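Shown next, in structure tokens, is the structure this report addresses.
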Amino acid sequence: MWFKLIAILSVIALASAVPKCYNLEDEYTMQQNVKDQIVEKVLLYAPEKDIASISDYDCELEKMAGKILEDPYKPIQFLDSIGIYPLVYSIEDTPGENMRVITHAALDDWKKYLKTIHFYTFGCNYRKEHTTHKYLCLFRHQAE
């Protein structure tokens, strides 16, 4: 019980330490409030991750995810051959829903996978096209 409480408090404290990824072009920079929510939960749900370390977040993977989301026809099958495991989620817009609820739906869907994925680094991105919210997190499961 105490471990869970300490873990949750540690993750919340780290939310302000989530990398800003200033070196990315604006179109590939994820909204910080969405990124904070996703990174917090990924680190909380992931096995064997030191939740005190935010160094697992990779801005280059954030950029790659943004480029993939930019082209809805871009194949993602090549990712496994370069040691990257993708988690994808999309949901239609519901009038009145806020971003926090929509992002929580993605994380809730991914929770079962996050508990089993072993990764070195990860990066995520989000894009809204017309009425569809799309999330993509890339997990590097092989060392570079």
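Can you say whether Pro95 is of a type outside the set (Phe, Trp, Tyr), free of Cβ contacts under 8 Å to residues at least 40 places away in the same chain and either assigned to a loop (DSSP other than H, G, I, E, B) or touching a Pro at 6+ places or on another chain (Cβ under 6 Å) (or both), as far as the supplied structure shows?
Yes: the conditions hold for Pro95.
Could you tell me whether any residue of the stretch 74-89 is out of contact with any strand residue (DSSP E or B) (no Cβ under 8 Å at 6 or more places or on another chain), over 23 Å from Leu43 (Cβ atoms) and among the basic types (Lys, Arg)?
Within the stretch 74-89 (the criterion being out of contact with any strand residue (DSSP E or B) (no Cβ under 8 Å at 6 or more places or on another chain), over 23 Å from Leu43 (Cβ atoms) and among the basic types (Lys, Arg)), the answer is yes, since at least one residue qualifies.
Considering every residue within the stretch 59-66, establish whether at least one is surrounded by fewer than 16 Cβ atoms within 10 Å (Cβ to Cβ) and of a type outside the set (Asp, Glu).
No, the stretch 59-66 has no match at all.
Residues checked against (1) over 14 Å from Cys137 (Cβ atoms); (2) assigned to a helix (DSSP H, G or I); (3) modelled with pLDDT of 85 or more:
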{"position": "Phe3", "(1), (2), (3)": "yes, yes, no"}
{"position": "Tyr22", "(1), (2), (3)": "yes, no, no"}
{"position": "Leu43", "(1), (2), (3)": "no, yes, yes"}
{"position": "Ser53", "(1), (2), (3)": "yes, no, no"}
{"position": "Lys63", "(1), (2), (3)": "no, yes, yes"}
{"position": "Val88", "(1), (2), (3)": "no, no, yes"}
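For residues in the stretch 122-144 being assigned to a strand (DSSP E or B) and among the polar types (S, T, N, Q), which is modelled with the lowest pLDDT?
If we take residues in the stretch 122-144 being assigned to a strand (DSSP E or B) and among the polar types (S, T, N, Q), then Thr132 is modelled with the lowest pLDDT.
Six or more apart or on different chains, Cβ under 8 Å: which pairs go from a residue in the stretch 100-128 that's without any contact (Cβ under 8 Å) to a residue 24 or more places away in the chain to one that's aromatic (Phe, Trp, Tyr)? Could you list them?
So the pair list comes out as Ala105/Tyr89; Asp109/Tyr89.
Quick check on my filter: what residues within the stretch 100-126 are aliphatic (A, V, I, L, M) and closer than 24 Å to Glu60 by Cα?
Answer for the stretch 100-126, where residues must be aliphatic (A, V, I, L, M) and closer than 24 Å to Glu60 by Cα: Ala106, Leu107, Leu114, Ile117.
The values are calculated or read from the model by the stated rules, or taken from the named source; none is laboratory data. Remember, predicted model here, so these are calculated numbers, not experimental data. Note that each Cβ is placed from the backbone with ideal geometry, even for glycine, and that neighbours are counted across all protein chains shown.
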